[in-house]
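Worksheet: one structure, shown below.
The values are calculated or read from the model by the stated rules, or taken from the named source; none is laboratory data. Note that the coordinates shown come from a computational prediction; the quantities given were computed from them, not determined experimentally. Here the Cβ is made from the backbone with ideal geometry for all residues, glycine too, and neighbour counts use every protein chain on show.
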């Protein structure tokens, strides 16, 4: 009886791994919002990491330790955080800044899991508004492929991106 149960568990594990291995090797999460403000008014909220407190959806730990370094804003600016299990530990580096249309970053998570992703913010003028798009690209290793069978990462991260963009809209339209 125990041998059959063991074989069934092994078979289930093999099936999960085979199905997971068919998942893509990379991912992209992206959300956009239209803000009734010019790009040059919105851009500093993204390009200056000190201003993220006004709109980021990731300030979920009031005791979170934050560190800033490098440039004051733009290329070379860094931001690190360490907090409770909900926010974890990590850092960001602005790698490209082209006012008022583009900010690119390297995003490194150390906890609750190790991950390195690329983040971009694109600002495109559309009449009297600006379309702001927040995107993130990353690699799917086998662990994240298996997790993806049970958790929809696009929905999970995308809802945070949308909440942040909606708050950015409120702040920038004031």
Practice task
Find the strands (runs of 3 or more DSSP E) located wholly in the stretch 31-116 whose residues include 1 or more that are under 14 Å from the mean Cα position of the chain (by Cα), under 22 Å from residue 129 (Cβ atoms) and at pLDDT 95 or above, and list them.
Solution key: 102-111
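Among residues belonging to the stretch 15-29 that are touching a strand residue (DSSP E or B) at 6+ places or on another chain (Cβ under 7 Å) and surrounded by 14 or more Cβ atoms within 10 Å (Cβ to Cβ), point out the one that is farthest from residue 155 (Cα to Cα).
Per the criteria, the residue is 27.
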Problem - Every residue from the stretch 86-116 that is over 20 Å from residue 59 (Cβ atoms) and in contact (Cβ under 8 Å) with a residue 40 or more places away in the chain - result: 97, 99, 100, 101
Completion exercise
The correct count of residues that are over 18 Å from residue 121 (Cβ atoms) and either in contact (Cβ under 8 Å) with a residue 40 or more places away in the chain or in a helix (DSSP H, G or I) (or both) in the stretch 155-174 is 2
Problem - Enumeration of residues in the stretch 35-51 that are without any contact (Cβ under 8 Å) to a residue 60 or more places away in the chain, within 11 Å of residue 103 (Cβ to Cβ) and either exposed (fewer than 15 other Cβ atoms within 10 Å of the Cβ) or in contact with a helix residue (DSSP H, G or I) (Cβ under 8 Å, 6 or more places away or on another chain) (or both) - result: 44
Problem - One residue from 148, 158 being closer than 15 Å to residue 117 by Cβ, surrounded by 15 or more Cβ atoms within 10 Å (Cβ to Cβ) and modelled with pLDDT under 90 - result: 148
Completion exercise
Reported set for the stretch 21-30 where residues are more than 22 Å from residue 160 (Cβ to Cβ) and more than 18 Å from the chain's Cα centre (by Cα) is 21, 22
Completion exercise
Filtering the stretch 77-118 for residues that are closer than 16 Å to residue 44 by Cβ and touching a helix residue (DSSP H, G or I) at 6+ places or on another chain (Cβ under 8 Å) leaves a count of 8
Exercise for the section: Pull up the stretch 117-145, narrow it to residues that are in contact (Cβ under 8 Å) with a residue 40 or more places away in the chain and assigned to a loop (DSSP other than H, G, I, E, B), then point me to the one that is surrounded by the most Cβ atoms within 10 Å (Cβ to Cβ). Expected result: 140
